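**Q** Below you'll find the structure I mean.
Throughout, read-outs are computed from the coordinates displayed, never taken from laboratory work. Keep in mind that what you see is a predicted model, and the values were worked out from it rather than measured. All Cβ positions, glycine included, derive from the backbone under ideal geometry; neighbour counts span all protein chains shown.
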């Protein structure tokens, strides 16, 4: 097998033995990018970013020994373009690294100037809202890779990256992981520092790994997790070694199956694959029981109020004063604001800024934002209640497999509903993973979602790894 | 119809912390623009705020000193509006659950006590500063993110003098707490005013105007005076007032409309998701309460009681904490029961020496012990006259020498022995025959002139009381 197709832990083993150098891995990835990225388009600004920085590559003593990683375009990398795939941030090179990048560098990762494609400011579920171009699903180039971390998921699935970082506000790691047949984890809110992640919705955003298998996800989560004094919302809780959970048996583990996730709108093939996965897990010793998460139906509307409200405020700073895009035809301050933002933001960004501004406006705040906060609490309580009696919850990651490019562009609500199963984890702040659990007849991957108690990523890794060890899905590769 | 003004004041105060409210940048004033900045206070994407706990301690101190109830559960909100000096285009402030509520400040109105309520004291961050040049505007973000406290009074103020007095009392309290420079020129203390008029004895409030851009307490008073005049004129003419924000133009001495209520912003406050709500423990509040210094009003009362001073004198002495501490050292150390003598020397000659070099009495570096010695030499031992005493004091401040050293070196000791003065007295009488006649004719002033002449002859060293006695005796004998 080509080097670029190996998992991070396989490569690390060979780097350990010194029969391989990190630059060979980087060359192998570059060849793959040259071969396939014109079709997949997982990366942005490839023309501008010829160089892989391998500054950290010489650290042979480090954990990662120069192993490269792909980074989503909304995570700040010092001196490298970080534009959230938005015109309004054109040319923005942050003078600082996000905390996760600092941690990766300390661990000896090679950080590339190549950043992965995404929906503008992470607004979307298909990576079609990028200001550059849409990314294509490696399994079927006519399909979307999911989003917003579609570039990261596609880069890993197409072996153009060993592994990648994404961000997840309502499913932006898990849904593309599901669509592209890779593993994607949204850690517990507060587990990973948000410092340097360009905010979409601050109370929901979380950075997480997209990897070829569960062991890689555990490894990467080990590196990026931990309390950060620069992020007041990061949790001062000890980080266990997540690889220790791999291989622990799952006998007697109690799985909750929420009935609200298996109703109308769920694709029959997806449903069948997920049910089979649950059977597999019970075969392996777990016990499952149907439960109810009664407030599930409110998750999407609640999310689109809270997330857009926060986004409308978070995106106010893009005003053309200090950095990024400034309209050249503006005359005076107000006109500069209007024209720069008018030209700089794409249609979905504008839609969400408008929605959020409305939800926070005088006279509407109580009916929308405040009400949404209250329902958010109810949704969280649903999970608390179930997770008191169960070790984890299992659901499909997305109601369908990857859909066609262009299929939902004209219907934002339909697009929003593709996150219906992932949004609740963000509202509740709990960890959730998506891992491959089969394929549709059209040979598109299906994702299984496992959710657990806050800060119990160990349970997720334990379940996911056991499942993976007993199924072939994660080893499947798309033909490109 | 007679109208009564209803005034509420909003004071913004820079809290004196080494670093800004939400990042590690320095808060020093007056440095090169944009040298005290970082991704956080520049609002760069991806940066996050972390709250400075020193600012919280200062804020609690102020809230308690203003008799507010400090909430145990409080949070930050975002106030959203676009302005180029506001790098995130929202200000981190407090809206829903402010740090503290329901306090008061006591002032006196024509010698009657009056209590001005405080609605709330809350924390927020300052914005940057715009510098307008000919064709462009520049932004200095050094000030961006400096911790601010907003102190909002109830509309309990009914005259411009009350507004002025409230601000003066408030400022002296804040200075005592040592949490701010309270310097209006540097912008570390700012004041906006809300004012409306209503017919006397009416209960309903009139339509209010918000006044901004006053750079001194006097400007606040002037702007309010102007506004009372403007509003009552309109009311008398039967014209309707509009709710609006007006700017004080110091040069033109008038207010100018900035925006009306229709143009008012919707700030879309909501809880800042980057800063989780926090709990202030009862213990912490109690600890800060216990550590509060004696505040100016309590100190005034104590000075009056303990040292027998008039309210007027006591108020002058406690006007600043350092002055009060210095004054108290002097008052306490003075051996005589009549502390008034020391107070007079503090308020009179010492304050004069200090203000000549633009200092406070506590900054003159005349140790209390030396000052007491001087006052005793003049007032009790009468070694020197009070006139000589004043020049000795001047020299003490300049040379750091003690009074007795100076008196000895310059041979300034007062001559009180009548025999030593006999010669000078004779000469004065001989040389000023007209004044002698005037005195004999009943003009008391003439005597003072003669005393003055005698003092001149002795180069000020004669004890004026003794001279006066001697002259009186000589002239009535003759």
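**Q** Take peptide B:273-279, look around each residue's Cβ out to 10 angstrom, count Cβ atoms belonging to other protein chains, and average those counts.
**A** Mean shielding by partner chains, rounded to a whole number: 4.
**Q** Hey, another quick one. What FRET efficiency comes out for residue B:468 versus residue B:161 if R0 is 51 angstrom and r is the Cβ-Cβ distance? Round to the nearest 0.05.
**A** 0.70
**Q** In degrees from 0 to 90, rounded to the nearest 10, what is the angle of the helix B:217-236 Cα long axis to the longest principal axis of chain B?
**A** For helix B:217-236, the angle is close to 60 degrees.
**Q** I would also like to ask the following. Over all distinct alpha-carbon pairs, what is the Kirkwood Rh of the protein assembly as shown in angstrom?
**A** 33.1
**Q** For chain A, state the average projected area of the convex hull of the C-alpha atoms over all orientations, rounded to one decimal in nm².
**A** Its Cα hull, projected and averaged over all orientations, spans 21.1 nm².
**Q** While we're here: Could you state the number of Å between the C-alpha centres of the range A:257-286 and the range B:146-190?
**A** Each part reduced to its Cα centre gives a spacing of 65 Å.
**Q** Still on this model: Compute the helix-to-body angle for B:53-65: its Cα long axis versus the longest principal axis of chain B, expressed 0 to 90° and rounded to tens.
**A** 60
**Q** Please say if the range B:175-231 is rounded, prolate or oblate, where rounded means a/c under 1.5 for a ≥ b ≥ c the square roots of the C-alpha gyration tensor eigenvalues, and otherwise the choice is prolate for a/b larger than b/c and oblate otherwise?
**A** Prolate, since a/c reaches 1.5 and a/b exceeds b/c.
**Q** Taking only the alpha-carbon positions of chain B and ignoring solvent, what does the Debye formula give for the base-10 log of I(q)/I(0) at q = 0.11, 0.13 Å⁻¹?
**A** The Debye formula, applied to the Cα set alone, gives -0.99, -1.21.
**Q** Right, something else. Counting only other chains, what is the mean number of Cβ atoms within 10 angstrom of the Cβ of each residue in peptide B:45-57?
**A** 5
**Q** Using a Förster distance of 56 angstrom, determine the FRET efficiency expected from the C-beta separation of residue B:115 and residue B:387, and round it to 0.05.
**A** 0.75
**Q** Just round it to a whole percent: the fraction of Cα-Cα distances in the range B:296-409 exceeding 25 Å.
**A** Result: 16 percent of Cα pairs exceed 25 Å.
**Q** Rounded to the nearest 0.05, what FRET efficiency do residue B:410 and residue B:359 have when you use their Cβ-Cβ distance and R0 = 30 Å?
**A** Here the calculated transfer efficiency is 0.80.
**Q** Taking the Cβ of each residue in B:439, A:179, B:449, B:76 as the centre, tally the other Cβ atoms inside 10 Å and list the residues starting with the fewest.
**A** Listing B:439, A:179, B:449, B:76 from fewest to most nearby Cβ atoms yields B:449, B:439, B:76, A:179.
**Q** Between the alpha-carbon centers of the range B:348-375 and the range A:162-231, tell me the distance in whole angstrom.
**A** 67
**Q** Tell me, how many Å apart are the Cα centres for the range A:425-480 and for the range B:378-443?
**A** With the range A:425-480 and the range B:378-443 each reduced to a Cα centre, they are spaced 102 Å.
**Q** Compute log10 of I(q)/I(0) for the range B:3-288 with the Debye formula, placing one identical point scatterer on every Cα and leaving out solvent, at q = 0.13, 0.14, 0.16 Å⁻¹, to two decimals.
**A** So the normalised log intensities work out to -0.95, -1.10, -1.39.
**Q** Next up: For chain A, what does the relative contact order come out to in percent, with C-alpha contacts under 8 Å and a separation of six or more?
**A** Contact order relative to length: 18 percent.
**Q** Got a sec? Which residues in the range A:1-23 would a label at residue A:61 touch, if it sits 7 Å along Cα→Cβ and we count backbone N under 19 Å?
**A** A:15-18, A:22
**Q** Can I ask one more? With n ≥ 4 as the cut-off for DSSP H runs, can you work out [θ] at 222 nm for chain B, using -39500 (n - 2.57) per run divided by the number of residues, rounded to the nearest 500?
**A** Only helices count here, giving -12000 deg cm²/dmol.
**Q** Modelled label-to-label distance, residue B:72 and residue B:399, 7 Å Cα→beta-carbon offset: nm?
**A** Simple spin-label model gives 6.4 nm for this pair.
**Q** Determine, for B:81, A:323, B:90, the number of other Cβ atoms within 10 Å of each Cβ, and report the residues in order from fewest to most.
**A** Listed from fewest to most nearby Cβ atoms, that is B:81, A:323, B:90.
**Q** Averaging sequence separations of C-alpha pairs under 8 Å and six or more residues apart, then dividing by the length of chain B, give the relative contact order as a whole percent.
**A** Averaging sequence separation for qualifying contacts and normalising by length gives 13 percent for chain B.
**Q** Sticking with this one: By per-residue mean of other Cβ atoms within 10 Å, what is the highest-first order of B:382-388, B:28-34, B:406-412, B:170-176?
**A** Taking the mean over residues of other Cβ atoms within 10 Å, the ranking is B:170-176, B:382-388, B:406-412, B:28-34.
**Q** When Cβ neighbours within 10 Å are restricted to other protein chains, what is their mean count per residue of peptide A:85-95?
**A** Across the residues of A:85-95, the mean count of other-chain Cβ atoms within 10 Å is 1.
**Q** Just for chain B, what percent of DSSP beta bridges are antiparallel, to the closest 5?
**A** 90
**Q** Hey, what angle do you get for helix B:418-431 against the long axis of chain B, alpha-carbon based, 0 to 90 degrees rounded to 10?
**A** The angle comes out near 90 degrees.
**Q** What ranking do B:43-56, A:422-435, B:357-370 get when scored by the average of other Cβ atoms within 10 Å per residue, highest first?
**A** Those peptides, ordered most packed to least, come out A:422-435, B:43-56, B:357-370.
**Q** Quickly work out the residue B:329-to-residue A:354 label distance, labels modelled 7 Å from Cα along the C-beta direction, and quote it in nm with one decimal.
**A** According to this spin-label approximation, the distance is 7.0 nm.
**Q** Would you work out the relative contact order for the range B:296-409, in percent, from Cα pairs under 8 angstrom that are 6 or more residues apart?
**A** Relative CO of the range B:296-409 lands at 20 percent.
**Q** Can you give me the distance in nm between label points at residue B:420 and residue B:445, each placed 7 Å from the Cα along the Cα-to-Cβ direction?
**A** About 3.3 nm, to one decimal.
**Q** May I ask you to sort B:428, B:37 by Cβ crowding, counting other Cβ atoms within 10 Å and putting the fewest first?
**A** B:37, B:428
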